[in-house]
1. Please sort by residue number the chymotrypsin sites (Phe, Trp or Tyr not before Pro) in region 26-128 whose DSSP state is loop and whose Cβ has at most 15 other Cβ atoms within 10 Å.
2. Springs between alpha-carbon pairs under 10 angstrom, Gaussian network model over the chain: which of PRO31, PRO43, PRO66 fluctuates most?
3. Select one label from [x] 11.6; [y] 14.1; [z] 6.8: the one whose number is mean projected area of the Cα convex hull in nm² as derived from the coordinates shown.
4. Using modelled amide H (1.01 Å from N, peptide plane; none on Pro or chain starts), what sits under 5 Å from the amide H of SER113, excluding residues fewer than 5 places away?
5. Could you list which residues have their amide H under 5 Å from that of SER19, counting only those 5 or more apart in sequence or on another chain, with H placed in the peptide plane?
6. Can you sort LYS11, LYS114 from fewest to most other Cβ atoms within 10 Å of each residue's own Cβ?
7. Among 105-112, 86-93, 12-19, how do they line up by average Cβ neighbours within 10 Å per residue, starting with the highest?
8. Check which residues have an amide H placed less than 5 Å from SER105's amide H, if you skip close sequence neighbours.
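A short reminder: the numbers here are calculations on the coordinates, not readings from a lab. Everything quoted here is computed from the prediction, not taken from an experiment. Cβ placement follows ideal geometry from the backbone for every residue including glycine, while neighbour counts extend to all protein chains displayed.
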Amino acid sequence: MQRISVVDFIKVNSLSFSSILEIGDSTKITPVSQALAVQREVPLFFTNEGDFSQYPIFSRELPKPPKTNETKTLSTNIYNQNPIIKVGSIRVNGVSSAAVMQIGSTDTIHAESKVKHIRKLLDDDTKR
């Protein structure tokens, strides 16, 4: 027997950068986000910036947990006395960078977020 989620009120202030608000059930969710965060003491912006291929982190595979060859059998019996999960209200400030907020159930979620932070500071000679 599956469970049913009931929410009377939901408010999400911000949803951004490949994030998902899923209301209902799903089979597979795969949000992906890539970002360059450049911080400078002097606000200069160049047209040739923003090429992800210049940074190896964006082409690298994320490490996955090792698979084990052990096979374990687990027997489970579940009885849901009340098949309804009821919530009065949900308030969320923000969902960002390949995050998932879901009311319902999902078989598989594979979320990936890669951020390269770059700080370009002035030399001590330049500051004088």
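1. PHE45, PHE46, TYR79
2. Its mean-square fluctuation being the largest, the pick is PRO66.
3. Computed from the coordinates, mean projected area of the Cα convex hull in nm² corresponds to [y].
4. Here SER33 satisfy the definition.
5. Distant-sequence amide H within range of SER19: SER97, ALA98, ALA99.
6. Arranged by neighbour count, lowest to highest, LYS11, LYS114 become LYS11, LYS114.
7. 12-19, 105-112, 86-93
8. Distant-sequence amide H within range of SER105: ASP25, SER26.
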